[in-house]
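Notes follow once the structure below has been shown.
All of the numbers you see were taken from the coordinates with simple rules; none came from a lab. Since the model is a prediction, treat every value here as computed from it, not as a measurement. Ideal geometry is used to build each Cβ from the backbone, glycine not excepted, and the neighbour counts take in all protein chains shown.
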């Protein structure tokens with residue numbers, strides 16, 4: 001696993017051993033994000049899935065998570081903060 005200078009935290013750390021997705025975003029994450037920031041994203045992703053009750057087989061839910069992934073790791077757009085008042089009320 002090669003070291004990367006992470007675009008999120010700015011530190012040079014171990015990168016991911018493989019692309020987490022089989023698309024351009026996955027390749028970009030592998031090349032530009034450190035494993036520490038990726039682990040932070042996985043915690044955030046779990047919170048989003050649980051709080052919004054996302055069905056990961058739903059294409060719209062997957063698209064939502066891809067956008068959130070990009071926002072969280074690369075600072076593009078605005079990432080959702082977990083709003084516990086909406087727990088279980090989002091319909092896709």
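So the values come out like this:
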quantity	calculated
Residue identified as out of contact with any helix residue (DSSP H, G or I) (no Cβ under 6 Å at 6 or more places or on another chain) and touching a residue at least 24 places away in the same chain (Cβ under 8 Å) among 6, 34	34
Selection within region 9-26 - under 16 Å from residue 72 (Cα atoms) and out of contact with any helix residue (DSSP H, G or I) (no Cβ under 9 Å at 6 or more places or on another chain)	10, 26
